[in-house]
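Take a look at the structure set out below.
The values are calculated or read from the model by the stated rules, or taken from the named source; none is laboratory data. What you see is a predicted model; the values in this text were computed from it and never measured. Cβ sites come from the backbone with ideal geometry, for glycine too, and all protein chains shown count toward neighbours. Heavy atoms of the whole protein, side chains included, go into the accessibility calculation; ligands, DNA and RNA do not. Shrake-Rupley method; radii C 1.70, N 1.55, O 1.52, S 1.80 Å.
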Amino acid sequence: MDLQNRLARIIHQSRVLTSHLHRIAYANDASYFRLIPQAVVQPDSIGEIQALFQFTQQNQIPMTFRAAGTSLSGQAVTDGILVDISKHWGQFNVEDGAALIRTQPGIVGGFLNNFLKSYGRRIGPDPASIDACMMGGILANNSSGMCCGVTENAYRTIESMTVVLPSGLVLDTAAPDAAQQFHEGAPDVHHGLVELRRRLLTDAELSARVRRRYRMKNNNGYLLNAFVDFENPLDLLVHLMIGSEGTLGFIAEAVLKTLPDYPRRYTGQLYFRNIQDAASAIHPLRESGARAAEIMDRASLRSVESVPGAPEILRQLPEGAAAILVEYQAEHAEQLSHFQKQAEQTLRDLRLLHDAEFTQDPFEQAALWKLRKGIIPTVGGMRPPGTTLLTEDIVFPVPRLADGITGLQGLFEKHGYAEGVIFGHAKDGNLHFLIAQSFNTDDEIARFSRFTNDMVQLVSGKYDGALKAEHGTGRNMAPFVQTEWGAAAYAIMRDLKSLFDPAGMLNPGVIINPDPQAHVTNLKSISFVSPEVDKCIECGFCESKCPSRRLTLTPRQRIVVQREISRLKFAQAAASSYQEIIDHFSYAGLDTCAIDGLCATACPVDINTGDLTRRLRAESVSPRGQRIADWLAEHFSLAENAVGLGVRLGHLTNSVIGVQGMNTVIRSIEKITGMTLPKWNAHVPYPKKSLSALRVLRGKKDFVYFPSCISRQ
């Protein structure tokens, strides 16, 4: 029995996807890795999750959970079974006057914040991708962002969770008898956590290192601080699941503490002659109460200096200059006034290149943040064709920040990354850098490997920083977890993985990976498709905006499949795969695209996937079809009236022979003509009255709502 039929025994066949098209569509996340799953499943209950755990262990097929797929480190791809939880896990509820929020993993984080805004609350984690990423990823990666630091992330704000362990145990950690359930239902895990904690605490050097290193952001490996922060096995379970990247179990539901929203803001961009002066300003700015302090090197500023609305000063900055976008946030006016005074006092001692200008105007603030957030799309749009935009995520101790940036710039020069830019959340010593990398040749892969090895030595070896701050370990830093943490800590992490997942079937290769070349294995190559979409960085930001995302493919998936079609087009050995994808893509990729451009509203590089769809549709129209379309366009009123008449006749016929009778007739016509025709259903609306009826509204209304063809009935 094939895999699809076996999986269909535990999940409805409509939610088991094994076509080549669907497997390719889900083969990529936002990272530079690519693994083609054997099947994609979309469970809708905890019972189905339990059945999947049992199935994968019995059949020795690995399984990976995936929410939005915005992961930057390869933790949401697999060559086993990919479990898509973005479709049926979107329930949430506010509790205790919105002091708590209960959420399933398949809901976008920004949606929760928008809902909480009316209560004056928000969730703690604030990743830049919050309007695209889902809570499953935010929890599993312990995501942070520009402001939350190490005090407001998921680890610090988690209240309780419902977790499904690979053994099948379902545990609501807030239940009155949860401790007993855990002890009796998973005794090996329960006792194992106690023993791992004992091992860590009896190693004085290691426990001191853990305490010290988690004062800064650190998501490289499992969150060992749980063993020093908590004693109760239930608390250990909850906080080790955070940041575990889907390798220990499944978080079916989480309850998070919410935090006050800050409606009042005081924002300014500070310019410095060099990166050293900018880095020396971070500590006093943080001490003055700044919620955000975003550093940008000269290369990153240069990338956005031509963006419409960018200050003229950007083009006048000397080589080697840097900037800090600083923002104070407050709940009320008095608190903001206090921050203003603190800022004025702090600025007197900074070595500024120009006088500081702050603003409370929301439009001016948005313009400054647009530049900061525009770095990734601008660099992404400028990258050479065929390359992938890599975004990395490291931490230097704040006192060594300037030296760390200088060292990183030196590695750009050494390894030929002239386009490399550095920016990030300097308040926490957390930097991101961007490089354009091709994986199409062995030489390019070797160059990237040499750069990564040198970067690891710089960050972890020379400055004792963190190789992952907020993006998760994934596959790209898995080979270097032991390098950063040492043998004793790595042994605890390895044993923790084995304790929860002894069969090793849950997201293998992520966090714990013995392959020293894992960071340059299963790499994504970029094929050329068309100018409309070649800039796509496959980040997935577009997906939450797409009207057809729950029906067929998302904009990112359409582009991913088109890239595969382009790759297979000239590969004779893959002729059958090429034809299979072409056959399925007509409906999934072209016919069901709304071409409304909503994807472009969230795309970092301004791609409207509808532009590609329109062109492909036009190219697929035969000359006869084009003549028919032209005639319909020239006689639209007649065509519209004819369709309306047909619908009225349909309702009349339906009243006589019913829906089943109608569809029997339609199928008979299909057999005779060889055409595929729309099927009738009871929800087909009656035609609207003539648009001439709108004339009576003239002079009586300020405006008339006239739906576009996309939504018009």
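Observations on the structure shown:
- Listed values for the stretch 522-529 are Karplus-derived 3J(HN,Hα) couplings in whole Hz (6.51 cos²θ - 1.76 cosθ + 1.60, θ = phi - 60°), namely 6, 8, 8, 9, 9, 8, 7, 10, and x replaces Gly and Pro.
- Taking a straight Cα-Cα cut-off under 15 Å and skipping sequence neighbours fewer than 8 places away in the same chain, the aspartates and glutamates within cross-link reach of LYS373 are ASP126, ASP131, GLU294, ASP297, GLU305, GLU327, GLU364, ASP606.
- With the convex hull drawn over the C-alpha atoms of the stretch 108-147, the volume per residue is 57 Å³.
- Checked against a 32 Å cut-off, the cross-linked pairs LYS370/LYS468; LYS87/LYS535; LYS414/LYS569; LYS535/LYS679 give Cα-Cα distances beyond that limit for LYS414/LYS569; LYS535/LYS679.
- Using R0 = 22 Å, the C-beta based FRET efficiency linking ALA633 and TYR686 works out to 0.30.
- Accessible-area value, ASP464, 1.4 Å probe, nucleic acids and ligands omitted, Å²: 50
- The ellipsoid equivalent to the alpha-carbon distribution of the stretch 262-333 has semi-axes of 24, 16, 8 angstrom, derived from the gyration tensor eigenvalues as √(5λ) and listed largest first.
- For SER438, the residues whose amide H sits under 5 Å from its own are THR388, ignoring neighbours fewer than 5 places away on the same chain, with H placed 1.01 Å from N.
- Residue ranges 74-82, 208-216 sort as 74-82, 208-216 when ordered by packing (mean number of other C-beta atoms within 10 Å per residue, highest first).
- Extension gain for GLU357 to GLU195 (0.36 nm times residue separation, less C-alpha to C-alpha distance): 52.8 nm.
- Heavy-atom accessible area with a 1.4 Å probe sorts ASP393, ASP428, ASP630, largest first, into ASP630, ASP428, ASP393.
- Counting only alpha carbon atoms, the long axis of helix 609-620 and the longest principal axis of the chain meet at about 40°.
- Alpha carbon convex hull of the stretch 256-412, volume per residue in cubic angstrom: 146
- Simple label model, 7 Å out from Cα along Cβ direction - HIS88 to ASP229, nm: 3.3
- Of all accessible heavy-atom area on the stretch 267-409, the percent that carbon and sulfur account for (1.4 Å): 50
- Projected onto their three principal axes, the Cα atoms of the stretch 349-454 cover extents of 51, 31, 22 Å, largest first.
- Using the Karplus relation 6.51 cos²θ - 1.76 cosθ + 1.60 with θ = phi - 60°, the per-residue 3J(HN,Hα) values for the stretch 353-363 come to 7, 9, 4, 6, 10, 10, 9, 10, 6, x, 5 Hz, with x marking Gly and Pro.
- Computed extension length for ARG617-TYR119: 174.7 nm, one decimal, from 0.36 nm per residue of separation with the Cα-Cα distance subtracted.
- Pairwise FRET efficiency - ARG348 versus GLN457, Cβ, R0 = 41 Å, nearest 0.05: 0.55
- Nonpolar atom fraction for the stretch 557-696, defined as the carbon and sulfur part of the 1.4 Å probe accessible area, stands at 60 percent.
- Computed over protein heavy atoms with a 1.4 Å probe, the accessible surface of the chain works out to 45 Å² per residue.
- Stokes-Einstein, applied to the Kirkwood radius of the stretch 96-166 over Cα pairs at a viscosity of 0.890 mPa s and 25 °C, places its translational diffusion at 197 µm² s⁻¹.
- VAL665/ASP591 FRET efficiency (R0 35 Å; Cβ-Cβ; nearest 0.05): 0.90
- In this structure the amide hydrogen of GLY145, modeled in the peptide plane, comes within under 5 Å of the amide hydrogens of ASP126, none closer than 5 places in sequence on its chain.
- Relative packing of 500-506, 5-11, 269-275, which averages over residues the other C-beta atoms within 10 Å, highest first: 269-275, 500-506, 5-11
- With all pairs of separate Cα atoms included, the stretch 79-237 yields a Kirkwood hydrodynamic radius of 17.4 Å.
- Sequentially through the stretch 292-306, phi angles give Karplus couplings (6.51, -1.76, 1.60; θ = phi - 60°) of 9, 9, 9, 8, 9, 7, 4, 5, 5, 5, 5, 5, 10, 5, 9 Hz, Gly and Pro residues having no value and appearing as x.
- Taking the C-alpha atoms only, the angle from helix 487-500 to the longest principal axis of the chain is near 40 degrees.
- The chain, relative contact order in percent, only Cα pairs under 8 angstrom and at least six apart counted: 14
- Acute angle (nearest 10 degrees) that the helix 575-585 long axis makes with the longest principal axis of the chain, alpha-carbon atoms: 80
- For the stretch 561-627, the Kirkwood hydrodynamic radius from C-alpha pairs, put into Stokes-Einstein at 4 °C and a viscosity of 1.567 mPa s, yields a diffusion coefficient of 96 µm² per second.
- Helix-only [θ]222 nm of the chain, DSSP H runs n ≥ 4, -39500 (n - 2.57) each, per residue, nearest 500: -12000 deg cm²/dmol
- With the whole protein complex present, MET63 retains an accessible surface near 0 Å², based on a 1.4 Å probe.
- Spread over its residues, the convex hull of the C-alpha atoms of the stretch 372-431 is 81 Å³ per residue.
- Cα→Cβ-extended label distance, 7 Å offset, between GLN335 and LYS569, nm: 5.6
- Compactness of the stretch 186-251, expressed as Rg and Dmax over alpha-carbon positions, Å: 11.8, 34
- Extent along principal axes [Cα atoms of the chain; Å; largest to smallest]: 83, 64, 58
- Solvent-accessible area of HIS332, all protein chains in place: 90 Å² (probe radius 1.4 Å, heavy atoms, ligands and nucleic acids excluded).
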